[in-house]
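The block underneath contains the structure these notes are about, expressed in structure tokens.
Laboratory data are not the source of any read-out in this text; all were calculated from the coordinates shown. Quick caveat: nothing in here was measured; it's all calculated off a predicted structure. Cβ coordinates were reconstructed from backbone atoms using ideal geometry, including for glycine residues, and neighbour counts include every protein chain displayed.
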Amino acid sequence: AKSTYYAFQLALTYEVMGNCDEAKNYFLISAGDENFSRIYRAHSFSSLSLIYLKKHNLSEAECCVVKSLAIRPNDGFTNLLASKIYLRIGNYQKAFEYSISAKKFNDELIKGKQKQEYSIFLNGEEIYFSILAACEKLGRSDCLEIYYRKWIEHVKCDDHKNKKLAEGISKITRSDSLDDVEIESVVNYANKKNLDLFLLIIKRSRLNSQAKYLLEKLSSKFPGSNAIKKLLADLYVKLGMHTEAFQIYDDLYRNGIEDPSVYFNLLSFYVAQNQVEKRVELIEEIEKKFSSIPEVSRSIELIKSRFLQTV
């Protein structure tokens, strides 16, 4: 038991240091000892799941999060992690269910209705993102409306003096035009924890020129955000700004972004420009990096069947 606890502590240390490979090795030891503390074992499986998710190994990520929840089903963090995994896998119903559970258990923790055994308080807006992302994928307009309202109420409580902020968010969800004060309020309120939520509603907006303006303002505020850059590049494609879009995709690729959609967008440019050598190299790189993602493998096989015979 002492050696297992020592392995668990080493795993936590390596996790904080960002050494995922060493952390994984020691979490495997602590997770595999059935006589070890149930809370620590559950935490070990959750940490393993997160490590596998970052490496795009979705099958192992799912396996570990299921094992963690089997030991400790009422942990908000692990339920939210499960929601994120199922969003990536494409099982949007499960993603929705686990995000709702995450909100329920987090609310109970905040209200003191649940023991704080190795539990962490979750950011409410992070939970709302998972709920809304799943609702959108499921086509559940009723749920989108409900949880948009809940998020806006959350914002009102968080910044009750700024009426323009809540109105600005509400207008974005309705694809209505914002005035300058509302735009500034939205951009000023955005932070690293709620940024995904803002990107989600901006992406859904039908006002492309306003979306472009908001994304450019957010990009100036968060110059290191690849998510903003990618969404901005996607929007540039819609607006016919192909040179600007290609520049962003190419920069993201050269900076080592781990997002297969960026690679596919870059590949589409190489196909359009008939750059055969770059196209073949990029296909091989996608296969090497993202072959563990089923939809990527299917897409690559389809692309190869269409294009590689022309080489």
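Estimate the FRET efficiency between Met241 and Lys278 by the formula 1/(1 + (r/R0)^6), using the beta-carbon distance for r and 25 Å for R0, to the nearest 0.05. The pair Met241/Lys278 has a calculated efficiency of 0.75.
Considering only Ala102, Ala31, Ala70, the mean-square fluctuation computed in a Gaussian network model of the chain, springs between alpha carbons under 10 angstrom, is largest for Ala70. Counting pairwise Cα distances across the chain, what percent come out greater than 27 angstrom? In whole percent, the share of Cα-Cα pairs in the chain beyond 27 Å is 52. Altogether, the Stokes-Einstein calculation at 25 °C and 0.890 mPa s, with the Kirkwood radius of the stretch 192-311 over Cα pairs as Rh, returns a diffusion coefficient of 159 µm²/s. Put the Cα centre of the stretch 9-81 next to the Cα centre of the stretch 155-216 and the gap is 35 Å.
Rg of the Cα atoms in the stretch 6-49, relative to 2.2 N^0.38 Å, amounts to 0.98.
The trypsin sites (Lys or Arg not before Pro) found in the stretch 137-223 that occupy coil by DSSP, while having at most 13 further C-beta atoms within 10 Å, are Lys161, Lys192, Lys193, Arg206.
Using the average count of surrounding beta-carbon atoms within 10 Å as a protection proxy, the listed peptides 282-289, 82-89 rank, highest first, as 82-89, 282-289. Each residue, Asp259 and Val16, gets one label point 7 Å from its Cα in the Cβ direction; the gap between the two is 3.1 nm. Membrane-span-like helices in the chain, defined purely by DSSP H runs whose alpha carbon atoms cover 15 Å or more axially and whose average Kyte-Doolittle hydropathy reaches -0.5, are 2-17, 20-32, 38-54, 58-71, 76-89, 124-138, 226-238, 260-272, 294-307. Computed as a quarter of the hull surface, the mean projected area of the alpha carbon convex hull for the stretch 117-208 stands at 6.8 nm². With Rh defined as the Kirkwood radius, the inverse of the mean 1/r over Cα pairs, the Rg/Rh of the stretch 75-157 is 0.98.
For the chain, Cys20, Cys63, Cys64, Cys157 have no disulfide-compatible partner, since no other Cys C-beta lies under 4.7 Å from theirs.
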